[in-house]
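Chemist: First, the structure itself, so that you have it in front of you.
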Amino acid sequence: MKFSISREALLRPLSLVAGVVERRQTLPVLSNVLLTVSDGELSLTGTDLEVELIGRVAPSNIEESGAVTVPARKLMDICKSLPDQSEITLAIEDGRALLRAGRSRFTLSTLPAAEFPSIDENQGSTELTLPRRTLKQLIDATGFAMAQQDVRYYLNGMLIELRDHLVRTVATDGHRLAVCSRSADISLEEPQRLILPRKGVVELSRLLDDSDEPITLMLGASHLRVRTGAYTFTSRLVDGKFPDYERVIPKGGDKQILAERGELRKVLSRTAILSNEKYRGVRLNLEAGNLRVLANNPEQEEAEENVAIDYNGSALEIGFNVGYLIDVLSVLDTDQVQLTLSDPNSSALLEAPGGGDAMYVVMPMRL
């Protein structure tokens, strides 16, 4: 195997594929990236047995086809550190990978391509096409609410719901909920629900951009495969039942507040500085035309901010984890935010004024 390629052409697919590769692996070959040269193209594959990513690129010259695995991080670090516009030649000699660029020469260890595992999946039962932008915006709007390492493993991921002419993503960690829906030109005989694991969501998001270029989704019984441009992404799905999120969305709140989103976010961010570092609690005092935000901590330090709001109902005091509120205000893309509340023990509903594509539910805290 021997080929030449420019540094820039190799670096983008390599950095995306290397993102899938875990640093600490039980199997040494999983720390490697699989390089395959055939039919005039170079394909790079990385996997952690849960998520697999294949990137394809055309080398400037191919002298000999073949396949081998080399350490992913080391290869990426070498490519990053080489001068711009370098021409890289990679060849396999005596079971080692020899990389040359200008006056530089590196020898890397290899493992046989035959040892590299692939996520073997039969052809998906359902195939759909979406614009990249649609899926990226849905992931961006809800991804922050996924659980990190919850024992309820099905929360450590994102629910993707596909219905006739509708795509919806849902994420929750048990304390907050994010739901976003977009219309899409798809038709399905029956709705599909799948839970994509957290890592799958993160890596898929890196592949997407705000273009109208199409991506193809293939839904299998236990896998999701996505084809976009020169990349093929495959992820195992979480085998579990996602909670009935529609029951969590509060109904009938009688206190509706309109506030400037950017201003409220700044106020909460400043107040958060003096909140309890462990619980991040802030107190919201609601009164006609004004919202008072209070925080204190065990060192007896206090913060108080006032922000003008559009509200003329009765007074209310309610506590929240300030980080949860800031997260929502960071992903909403409207100038104003609408908060709907009912009492100190009920969740808050945050959304665009008059409702919109996205809804966010935040549970209150006892302070």
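Chemist: Averaging over every viewing direction, what projected area does the convex hull of the Cα atoms of the stretch 125-181 cover, in nm²?
Modeler: 4.5
Chemist: Relative contact order of the chain: what whole-number percent is it, with Cα pairs under 8 angstrom and at least 6 residues apart?
Modeler: It rounds to 13 percent for the chain.
Chemist: While we're here: Would you rank 50, 260, 189 by solvent-accessible area, highest first, keeping every protein chain in place and using a 1.4 Å probe?
Modeler: 189, 260, 50
Chemist: Additional query: Apply 1/(1 + (r/R0)^6) to the Cβ-Cβ distance of residue 93 and residue 27, taking R0 = 30 Å, and write down the FRET efficiency to the nearest 0.05.
Modeler: 0.75
Chemist: Can you list the HN-Hα couplings for the stretch 97-114, worked out from phi with the Karplus curve (6.51, -1.76, 1.60; θ = phi - 60°), rounded to whole Hz and with x for Gly and Pro?
Modeler: Per-residue couplings from phi come out as 9, 9, 10, 10, 8, x, 8, 8, 8, 10, 10, 10, 6, 10, 10, x, 4, 5 Hz.
Chemist: For residue 1, tell me the accessible area in Å² from a 1.4 Å probe, rounded to the nearest 10.
Modeler: Spelled out: residue 1, probe radius 1.4 Å, area about 20 Å².
Chemist: Would you list, by chain and number, the lysines whose Cα falls below 30 Å from the Cα of residue 278, excluding same-chain residues fewer than 8 positions away?
Modeler: Within reach: 199, 255, 266.
Chemist: Calculated FRET efficiency, residue 58 and residue 297, Cβ-Cβ r, R0 41 Å, to nearest 0.05?
Modeler: It comes out at approximately 0.10.
Chemist: With each run of n ≥ 4 DSSP H residues scored as -39500 (n - 2.57), what mean residue ellipticity at 222 nm is computed for the chain after dividing by its residue count and rounding to the nearest 500 deg cm²/dmol?
Modeler: Here the helix-only value at 222 nm equals -5500 deg cm²/dmol.
Chemist: With the contact rule set at Cα under 8 Å and sequence spacing of 6 or more, what percent relative contact order holds for the stretch 1-131?
Modeler: RCO, the stretch 1-131: 29 percent.
Chemist: Could you give me the ³J(HN,Hα) list for the stretch 299-309, computed from phi with Karplus coefficients 6.51, -1.76, 1.60 and θ = phi - 60°, whole Hz, x at Gly and Pro?
Modeler: For the stretch 299-309, the Karplus-derived couplings read 7, 6, 8, 9, 10, 9, 10, 10, 9, 6, 9 Hz, x marking Gly and Pro.
Chemist: Further question on the same structure: Taking residue 80 as the anchor, which aspartates and glutamates have their alpha carbon closer than 15 Å to its alpha carbon, excluding any fewer than eight residues away along the same chain?
Modeler: 8
Chemist: Step through the residues of the stretch 218-225 one at a time and calculate ³J(HN,Hα) from phi using the Karplus curve (6.51 cos²θ - 1.76 cosθ + 1.60, θ = phi - 60°), rounding each to whole Hz and writing x for Gly and Pro.
Modeler: With coefficients 6.51, -1.76 and 1.60, one gets 10, 9, x, 5, 10, 9, 10, 10 Hz.
Chemist: Please compute, over every Cα-Cα pair in the stretch 196-326, the percentage with a separation greater than 18 angstrom.
Modeler: 69
Chemist: Any idea what the relative contact order of the stretch 143-273 is, in percent, if you count C-alpha pairs under 8 Å spaced at least 6 apart?
Modeler: 20
Chemist: Same structure, new question: For the stretch 14-57, which trypsin sites (Lys or Arg not before Pro) are in a loop by DSSP, counting at most 14 other Cβ atoms within 10 Å?
Modeler: Hits after loop and neighbour filter: 23, 24.
Chemist: Ok, one more. At 1.4 Å probe size, put 164, 333 in order of accessible surface, largest to smallest.
Modeler: 333, 164
Chemist: If I compute solvent accessible area with a 1.4 Å probe over the protein chains, what percent of it on the stretch 135-272 is carbon and sulfur?
Modeler: Roughly 45 percent of what the probe reaches on the stretch 135-272 is carbon or sulfur.
Chemist: Moving on. Taking amide H positions as placed 1.01 Å from N in the peptide plane, with prolines and chain starts having none, which residues 5 or more places from residue 237, or on another chain, fall under 5 Å of its amide H?
Modeler: HN-HN under 5 Å from residue 237: 223, 224.
Chemist: Now for a separate question. Could you name the aspartates and glutamates in cross-link range of residue 251, using Cα to Cα under 16 Å and dropping any fewer than eight places away on the same chain?
Modeler: Of all the aspartates and glutamates, those that pass the test against residue 251 - Cα under 16 Å, at least 8 places apart if same chain - are 343, 351.
Chemist: Would you mind working out the accessible area per residue for the chain, using a 1.4 Å probe, and quoting it in Å²?
Modeler: Value for the chain: 49 Å² per residue.
Chemist: So how exposed is residue 84, as accessible area in Å² (1.4 Å probe, rounded to 10)?
Modeler: That residue has around 110 Å² of solvent-accessible surface.
Chemist: Right, next: Going highest first, how would you order 309-317, 142-150 by mean Cβ packing within 10 Å?
Modeler: Ranked by mean Cβ neighbours within 10 Å, highest first: 142-150, 309-317.
The values are calculated or read from the model by the stated rules, or taken from the named source; none is laboratory data. Since we're looking at a predicted model, the values are computed, not measured. Using ideal geometry, Cβ is built from the backbone for each residue, glycine included, and neighbour counts are taken over all protein chains shown. The accessibility values were calculated without ligands, DNA or RNA, using every heavy atom of the protein model including side chains. Shrake-Rupley method; radii C 1.70, N 1.55, O 1.52, S 1.80 Å.
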